[in-house]
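First up is the structure itself, then whatever we jot down about it.
Bear in mind that the values in this text are calculations on the coordinates, not laboratory data. The shown structure was predicted, so the numbers you read here are calculated from the model rather than taken from an experiment. Cβ: placed from backbone, ideal geometry, glycine included. Neighbour counts: every protein chain shown.
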Ligand code: FES
Ligand SMILES: [Fe+2]
C-alpha cells in the first residue's frame, strides 16, 4: 500500500497554518492514495436532481477511474450503476441525456433502468442466464438538489457530516433551484488547487481586481469559524449593500458552490489525473426569481470572466509545484477554509505524524 508522510503544516490550527508541500500536487503516489482513501470512500456530487427528473434521464460521471451512470428508473427511483457493460467491458453511456434503456453499442446488450440485463442477442444455447446479470450499483443520496454517490457501500450518510453547514442554508432552498446553464472548462491542475481557490477570498484583490474585488472585497469577507473540517463557508459582504451578499461554501472533497441574489453556481469537478480535471460550471436558477435571457447572458459573461482569471492563476500555480526549492508559505486568516481542507485531507489519508515528511 502506498504511504506518505504527514506534512507538519496540516497539524497546525487554521490561524497558524502553511500550504501543502509541492509534491501533494504532482506526486502520482499521493494521487493513488487519494483515489483509494478519498475518492474511493467519500460522497461526491455527480448531478443535479432536475437533470434526472424523469424516468430514463441519466448522467454519467467518472469517480476514481470508475465509470458511473446515475439514472432515474421507470419506477421513479434514482440509482447509480457501474457504467461498464457486463459483456466485455465497454463503457455504456456517454455524457447525459434520456434513454428508454441502457444499451451497449458494441454488441447491443441492453439493461433496464433498474440495471438488469434485458436483452443479449445471440446468447441462447450456451447455458447463459440473462436474468442473473445486472449492473453493480452504488449508493445514492440527494441533498439540497445535488445527487451524490459513493464507491464505498459502508460510508456513513453524507448528510450526517453536514450538520453545521445545514444551518447556513436556512435562508435558501437549493433543492428547488434548477440548472439553466453549464460552462465546460478544461482544468489542467491538481484538484486540490481548485478546492483551495474556492475555499478562500484572499485572492480577490490580486486575481479579480476588476471583477470580484470591487463588488466583494477580500477584506469584507468572513470565513466561518468552526472546528469542523467537513465543510467551509465564506460570507462575502458587498461593497454596496444593494449588491447583495455572496455566500461561498463547500464540503470536501468536491462540493463547491456559491449563492448570490441572482443565482447559485456549482463547480462540478471530475478528477482525471494528478494534474487534470474536467470542470463544468453549473448555473442554478431560483424558481422564485427566474433570470431573464439578458440577465442570464450577462451572468454567464461575468462567470466566464472570473473563471478565466482563476484559470490563469491555477495554471501558473500548478507550474510552480514542479519547483525543487519551493517551500509552502504561511496562510492568511482569510485562508481558513484552505487550512481546514488540508486537515480534512490529512485525516482521510491517515498519514503518519512525521513532521520531517514536509518538504
Ligand atoms: S461489450 Fe457491451 S455488448 Fe459487448
Ligand atoms: Fe477566484
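Using a Förster distance of 51 Å, how high is the FRET efficiency between residue 166 and residue 116, based on the Cβ-Cβ distance and rounded to 0.05? The value I calculate is 0.90. The length gained on full extension between residue 16 and residue 220, counted as 0.36 nm times the residue separation minus their Cα-Cα distance, comes to 71.4 nm.
The length gained by stretching the chain between residue 333 and residue 319 to full extension, at 0.36 nm per residue less their Cα-Cα distance, is 2.5 nm. Each label was represented as a point 7 Å from its Cα along the Cα-to-Cβ direction; for residue 74 and residue 54 these points are 1.6 nm apart.
With a 10 Å cut-off between alpha carbons and a GNM built on the chain, which of 337, 19, 320 moves the most? Result for the chain, Cα springs under 10 Å: 320 fluctuates most.
Once you reduce segment 62-82 and segment 268-327 to the center of their Cα atoms, the two points are 25 Å from each other.
In plain terms, the chain from residue 32 to residue 304 could stretch by 94.7 nm, reckoned as 0.36 nm per residue minus the Cα-Cα distance.
Entry for segment 53-196 at q = 0.09, 0.10, 0.18 Å⁻¹: log10 I(q)/I(0) = -0.36, -0.44, -1.18, Debye formula applied to identical alpha-carbon scatterers, no solvent contribution.
Per residue, the chain reaches -5500 deg cm²/dmol at 222 nm when only DSSP H runs of four or more residues are counted, each adding -39500 (n - 2.57).
Spin-label model, residue 91/residue 123: points 7 Å from Cα along the beta carbon direction are separated by 2.2 nm.
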